[in-house]
Amino acid sequence: MFLSVFELFKIGIGPSSSHTMGPMVAAARFLHTLRGSPFRAEGLRASLHGSLAFTGGGHGADRAVMLGLVGFTPEDFDAAAAETALADLRRSGRVAPPGLGPLAFDPARDLVFDYGPALPGHANGLILTATDAQGDALLQETYYSIGGGFVLTAAEHAAGRDGAGRLDVPYPFESAGEMLAMASDSGLSIAAMKRANELRVRDSAAIDAGIARIWAVMADCIDRGLAAEGTLPGGLRVRRRAGAIHARLRAEHGNNLAAPHIVNDWMSVYAMAVNEENAAGGQVVTAPTNGAAGVVPAVIRYWLDHVPGASRARLAEFLLTAAAIGGLVKHNASISGAECGCQAEVGAAAAMAAAGFAAVMGGTPAQVENAAEIALEHHLGMTCDPVAGLVQVPCIERNALGAIKAVSAASLALRGDGEHFMPLDNCIKALRETGADMSDKYKETSLGGLAVNVPNC
C-alpha cells in the first residue's frame, strides 16, 4: 500500500474535501472521460445522493459540481473567476469546458438533490450524465467521494480501490504492526521509511519542495484566519473569533502571572483560524480532510513558535510521520465523516498530529505509534452532526480540541517507553466497526445530534 504524503495533504478549497473538492474532482474526471468518448454530447445532468444531498447545500457541493463542469479544479481555483463563471452559467444555462464546446446545463433543472436512499457504494454519491439533443443519456458515470478529496468511480470502488497505489516500495507497511516491525528491522524512523517510499515517485528535492509548499499554504491559512474579522457565510451568523482571541493572547504574552493552561488557547486559536478560513471557502490543505484541516497545522505552529529547540528543518519529519499514520487510518478504516463520523476526520487528524509531534520531540517509532493510538482512542465514537450542514458548529471548536488532545497524547506517550496495552491497529479497527454501526443520522447528514438541537431563534 502506498499513499503519498501529497495525496493526504492536498491543497484545495473549503468548506469540505468530501462535499466540495470531491464533486469538483468528479466533474473534471467526467469531462475527461467524455472527451475521450465517441459521443457528441449536447447537454449534461448531475444528481447528488446520500450525504452529498443532505448536506451538499451547506457544503457547497452544488457549486462545486457547476464549477467542475465549467472546468475548474481545486488546485487552480480562483475565487473571483469562479463567481464570474457561476453568474455566466446561471444566466446562459450552458457550460463550455475546454475541448468539448457548449453543453446545455441549467442548474435549476439539471442539478438534482436526491434525498432518497444513498447509493450502494458510499454515503457520498454523485451521478453525472451526458445527453443528446433529446435529453437521452449517452454516457453516465457514478462517482463516490470517499473523504479527503479522493474520488472513485463505481467500478473502482467495487474493485476495492481506496485511492492508494500499489507501487513496489521498500517499506510497504499496511498496518501499524508492520510499520513497527519494519522500523525495528531497518533501524529507520517512520519518517525515514516514508521518505524512502516517496523516493520511488519523486526525487528528494521535489519531496522537500512539496512539503515546504504544504506548510506555506497551511501557515498562510493560519495567518489569514488570525487577521480576518466578521461573520462566516451560510446563515448561522457565526462570528469569526480567532483574530480577537489571538489579539488578547498577544497582549497577555510575557505576563508571568498567566496560568500555564493558557498554552491550550494558543493551540486552539491556530486551529480555529484554519477552520474559520475553511468555512469561508478559503484555500486550505486537507489534513487529512477539510473538516479536520486545523489540527495538524495548529500543532506544527505550536511546536515551531512555543517549543524550545523546534526547527523548520524538521518539518518534513513531522509531515511524513503524520502522513504514514493518516495512510493507515484511511487504508484500514476511513477518513470520511459521511462514512464513519467525525472520529474518522478529527480523530484521524489528532492521531496524525500526535505522531508527528512525538517524532520531532525525539520519540521512538514505538512512542510515535503510542501517541497516535492515544489520540485516536479518545475520539472513538465521535459523530459528525454539522448544524445546517455547514462546517462551522461544532467543527471549528472540534479542531481546537483535537489539537490539544494531539499534544497531550504525544506528551503522555513520550513519558513512556512505547509499551502500551491497546495497539493502534486495534483502535483503527474499532473506528471502522463503530462507524459501520453508527446511525446514518450521525454521519454528516445533519439529521441528528447537535444539528437538530439548535436555539429557537
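Throughout, read-outs are computed from the coordinates displayed, never taken from laboratory work. This one's a predicted model, so the numbers in the text were calculated from it and none came from an experiment. Virtual Cβ from ideal backbone geometry, glycine too; neighbours counted across all protein chains shown.
What fraction of the Cα pairs in the range 104-202, stated in percent, has a spacing above 22 angstrom?
That fraction is 55 percent.
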Taking only C-alpha positions in the range 196-243, Rg and Dmax in angstrom work out to 17.4, 48
Mean projection of the alpha-carbon convex hull of the range 171-316 over all orientations, in nm²? 11.4
For the chain, take the longest principal axis of its alpha carbons; what is the angle in degrees between that and the long axis of helix 263-279, to the nearest 10 within 0 to 90? 10
Arranged from highest to lowest average of other beta-carbon atoms within 10 Å per residue, in what order do the peptides 313-321, 166-174, 186-194 appear? 313-321, 186-194, 166-174
What nm value, rounded to one decimal, do you get for the distance between residue 181 and residue 397 when each label is placed 7 Å out toward the C-beta? 4.4
Give the Debye-formula value of log10 I(q)/I(0) at each listed q (0.10, 0.13 Å⁻¹), with one equal scatterer per alpha carbon of the chain, two decimals each. -0.69, -1.14
Using 0.36 nm per residue, how much length does the chain from residue 167 to residue 92 gain when fully extended, once their Cα-Cα distance is taken away? 22.5 nm
Can you tell me the length gained on complete extension of the stretch residue 311 to residue 32, counting 0.36 nm per residue apart and subtracting the Cα distance? 96.2 nm
How long are the three semi-axes of the equivalent ellipsoid for the range 143-188, computed from the Cα gyration tensor as the root of 5 times each eigenvalue, in whole Å, largest first? 29, 10, 8
With label points built 7 Å along Cα→Cβ from the Cα atoms of residue 114 and residue 422, find their separation and express it in nm. 3.9
Could you work out how much longer the chain between residue 241 and residue 212 gets when fully extended? Use 0.36 nm per residue separation minus the Cα distance between them, nm to one decimal. 7.6 nm
Per q in 0.13, 0.25 1/Å, what log10 I(q)/I(0) does a Debye calculation on the alpha-carbon atoms of the range 358-457 return? -0.57, -1.20
Within the range 196-228: backbone nitrogen closer than 15 Å to the residue 249 label point (7 Å, Cα to C-beta): 219-228
Based on the Cα coordinates of the range 12-158, what is the per residue volume of their convex hull in Å³? 104
